[in-house]
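Here is the structure we will look at, set down as structure tokens.
The values are calculated or read from the model by the stated rules, or taken from the named source; none is laboratory data. Source: prediction; values computed, not measured. Quick reminder, even Gly has a Cβ in these numbers, built from the backbone with ideal geometry, and neighbours come from all protein chains shown. Side chains included, ligands, DNA and RNA excluded: accessible areas come from the protein's heavy atoms. Shrake-Rupley method; radii C 1.70, N 1.55, O 1.52, S 1.80 Å.
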Amino acid sequence: MALVGRVRRAFGLKGELVVQPTTNEPGAVFAPGRRVFASLVEPRQSPAAPSAPLGATDAPADGTRRECIVQSSRPFKDGWLVKLDGVADKTAADRWRGVQFEAPVAELTPPGENEVYEHELVGMRVSEATHGEIGVVAGWYAVPQGLVLEVRGSAWRADVPFNDAFVTMVDRERRAIRLTLPDGLLEPVKAEP
């Protein structure tokens, strides 16, 4: 499975969801009739019903996924509006906030040159033009401008935007990323006392 989007919030009164796509082909992935799988990233509790999970209506918070069928979708600002079967109104849509959507890798277009699925990033070796091998991708997080890689090594650490200004090469086969970093972005790792 590959992450293809995250629900930001409900939109309007008819059960539409504002989805932040994490794919280059949101129009294909969220096309009417397509299936996506919903899962909760972090279980949350409703103040009104402490035992009822918020998010994908009946999606369990134990990492299992719920299959969803896309009814309609369209571009919206910097995301997509997605309507799913069974999400009839704003009240139902509100419970989907924080849900992430995944799709089977076999149903997606393979990444192109210098592209990678987000789930493949962790553990990739990272080198830099001046310093050589600096560490591995220990994690990543999303910001409005895109992804930021948490690069950690024995001598260096850095949080690096995953974009063309910093990333010069991504090799999925070798599980390697090459960066060009401005002076001052790498932090030396301090020895613990």
- Task: Hey, can you tell me all the residues within region 172-193 that are surrounded by 15 or more Cβ atoms within 10 Å (Cβ to Cβ), at negative phi and assigned to a loop (DSSP other than H, G, I, E, B)?
- Result: ARG172, LEU181, LEU185, LEU186
- Task: Restrict the check to region 19-36 and report whether at least one residue is modelled with pLDDT of 95 or more and farther than 19 Å from THR109 by Cα.
- Result: yes
- Single unsatisfied condition, PRO75 versus (1) within 20 Å of LYS14 (Cβ to Cβ); (2) outside any strand (DSSP E or B); (3) open to solvent by 80 Å² or more (accessible area, probe 1.4 Å): (2)
